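Worksheet: the structure to be examined is printed underneath.
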Amino acid sequence: MNFDRLFEKAKAAGIEDIQVYFSGGTQFDVNVLNQLLEKYTIADTARLSVKGIFNKKMGTVTTEIINEDVFDFIIESIISSANNIDSEDEVFIYAGDKEYPEVKGLFNEDLETVSVKKKLDDTFELERLTMNADERMKMVQAYYFEGKTNVLIQNSKGLKLEKTVNSAAFYVNAIATDGEDQRTAFELSFNNDYSDFNIQELAKRAAKNATALLGAKPCDSGEYEIVLTSDASTALLQPFSGMFSAESVQKGLSLIADKVDQKIANSNITLVDDPFKAKSPRSGSFDDEGVATTYKELIKDGVLTGFLHNLKTAKIANTKSTGNATNSGVAASNLYIQPGSLSYDDAVASMKKGLVITDLAGTHAGANSVSGDFSLQAAGFLVEDGKILSPVALITVAGNYLDLLQNVTGVCNDLEFNHAFIGSPSLRIKSLVVSGK
């Protein structure tokens with residue numbers, strides 16, 4: 001859609017500068033349960049966010065009606081919004097960077113050539129394979145999701161940026177029982193290259209993880225050596241990811257606000273925000289304000305190097321935006337702990353008396369992102385002399401996230417990402433306090 005007419009009308013109405021952010025695309029959802037198609041949805045999405053400067057105030061409006069008939073409404077809404085703002089903060093619209101990096105792998109046209117029948121058949125097969133993988137499987141739900149998104153940023157200063165991304169995911173929710181105990185597992189695989197999916201492996205992993213904890217009981221309370229699997233380590237990183245946002249720092253909500261250039265983790269920890277990661281819909285050459293993105297090592301060899309910025313936080317801090325603006329503030333693109341060379345099996349084998357933690361529950365409530373403290377219900381396996389002895393559940397692990405990062409004694413080579421595109425390999429931890437029986 002051509003927005004030049006909107007820019008002309010905005011200028012005539014006294015709006016100094018104006019910018020549009022358009023996001024639209026298609027989504028395809030499938031859900032299979034008991035070899036029946038529970039859900040089949042194809043939907044179009046479209047959203048237009050517009051901001052403009054009027055009388056030195058930034059007015060904003062969002063609409064899902066996208067045609068020239070709403071231009072007058074958009075202009076009136078921007079003016080009204082600006083007139084109701086009391087903040088004296090300087091506002092501005094970005095003119096753009098001289099260069100934007102080329103990011104490959106954002107859109108794979110081959111994904112769209114795979115037939116709907118193939119995708120449906122594979123979802124049914126995923127449910128069947130998982131259910132038949134073990135006689136203790138009680139219920140399985142299999143899902144397939146696919147989406148394509150087109151993004152356009154254009155403003156009255158001459159900036160015009162576009163990108164198209166697509167992605168797909170198979171995921172499975174499995175429930176197993178031995179007649180006395182019941183356990184669940186959730187497994188996910190996402191990509192934008194359909195040939196990379198392996199539903200046989202996904203089904204096998206889901207069934208194995210659902211049945212492995214059957215009969216689990218609490219272990220004795222005490223301090224244990226810990227191996228956090230990649231799933232558990234990622235789940236723990238996610239609630240603390242906000243501490244790397246300059247917005248959190250400037251609001252006094254980050255426990256590392258005054259620790260730039262200080263060592264906050266073991267030297268084997270490097271934490272990366274990578275907007276160039278292939279096959280991720282979070283990747284791209286520009287952020288939601290039109291600023292060019294950059295690869296950043298927020299923690300390098302244990303040392304905090306800086307924070308993530310948008311234009312507003314960068315202005316306050318007298319620095320440059322890092323290209324991490326979102327429509328809601330500041331966020332990472334693809335945030336992850338760099339993998340090391342240690343294998344998961346060797347990490348487990350190295351423990352004298354410890355726990356492998358495979359699952360952490362309640363991270364939304366049991367992890368305090370301001371203090372860094374966490375106390376979380378956990379499940380996993382008891383290990384002695386490098387051998388897994390028995391499954392463990394109904395225990396609580398507690399500590400402080402910065403202390404945990406300082407006590408990482410090994411970083412494994414099995415990096416995995418979750419649905420929020422936050423990732424971590426398995427981590428071997430010197431010790432954590434465990435409350436059990």
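The values are calculated or read from the model by the stated rules, or taken from the named source; none is laboratory data. Note that this is a predicted model, so its numbers are computed, not measured. All Cβ positions, glycine included, derive from the backbone under ideal geometry; neighbour counts span all protein chains shown. Protein only, heavy atoms only, side chains kept; ligands, DNA and RNA dropped before computing areas. Shrake-Rupley method; radii C 1.70, N 1.55, O 1.52, S 1.80 Å.
What to note about this one:
- Total residues in the stretch 41-63, condition over 25 Å from the mean Cα position of the chain (by Cα) and either part of a loop (DSSP other than H, G, I, E, B) or more than 30 Å from residue 88 (Cα to Cα) (or both): 2
- Taking (1) open to solvent by 20 Å² or more (accessible area, probe 1.4 Å); (2) outside any loop (DSSP other than H, G, I, E, B); (3) modelled with pLDDT of 95 or more in turn, residue 365 satisfies each apart from (3).
- Selection count where residues are open to solvent by 30 Å² or more (accessible area, probe 1.4 Å), more than 19 Å from residue 291 (Cβ to Cβ) and assigned to a strand (DSSP E or B), scope the stretch 150-185: 8
- Residues in the stretch 343-360 that are over 17 Å from residue 424 (Cβ atoms) and either in a loop (DSSP other than H, G, I, E, B) or open to solvent by 40 Å² or more (accessible area, probe 1.4 Å) (or both): 345, 346, 349, 350, 351, 352, 353.
- Residue 223 open to solvent by 30 Å² or more (accessible area, probe 1.4 Å) and farther than 28 Å from residue 292 by Cβ: yes
- Applying a threshold of 7 Å to beta carbon distances and a minimum spacing of six or more residues, or different chains, the list of pairs starting in the stretch 94-110 at a residue that is at positive phi and without any contact (Cβ under 8 Å) to a residue 12 or more places away in the chain and ending at one that is assigned to a loop (DSSP other than H, G, I, E, B) and among the polar types (S, T, N, Q) is empty.
- Here the condition is being part of a loop (DSSP other than H, G, I, E, B) and surrounded by 12 or more Cβ atoms within 10 Å (Cβ to Cβ); of 100, 21, it holds for 100 alone.
- Near pairs, Cβ below 8 angstrom, 6+ apart or cross-chain, from the stretch 356-374 (in contact (Cβ under 8 Å) with a residue 24 or more places away in the chain and under 22 Å from residue 252 (Cβ atoms)) to any residue that is among the hydroxyl-bearing types (Ser, Thr, Tyr) and open to solvent by less than 20 Å² (accessible area, probe 1.4 Å): 367/401; 370/254; 372/401; 373/401; 374/401
- Subset of the stretch 64-82 that is over 29 Å from the mean Cα position of the chain (by Cα) and open to solvent by 90 Å² or more (accessible area, probe 1.4 Å) - its residue that is farthest from residue 151 (Cα to Cα): 76
- Any hit, the stretch 241-264, residues being at pLDDT 95 or above and touching a His at 6+ places or on another chain (Cβ under 7 Å): yes
- With respect to the stated conditions, residue 104 fails to be among the basic types (Lys, Arg), in contact with an Asp or Glu (Cβ under 8 Å, 6 or more places away or on another chain) and farther than 28 Å from residue 2 by Cβ.
- A single entry from 298, 214 fulfils the requirement of being open to solvent by less than 50 Å² (accessible area, probe 1.4 Å), in a strand (DSSP E or B) and not small (Gly, Ala, Ser): 298.
- None of 389, 427 is hydrophobic (A, V, I, L, M, F, W, C) and in contact (Cβ under 8 Å) with a residue 40 or more places away in the chain except 427.
- Candidate set from the stretch 312-342 (those that are among the β-branched types (Val, Ile, Thr) and in a strand (DSSP E or B)); member that is least open to solvent (accessible area, probe 1.4 Å): 337
- Residue ranges of strands (runs of 3 or more DSSP E) in the stretch 369-437 with at least 2 members touching a helix residue (DSSP H, G or I) at 6+ places or on another chain (Cβ under 8 Å): 373-384, 387-400, 422-424, 427-435
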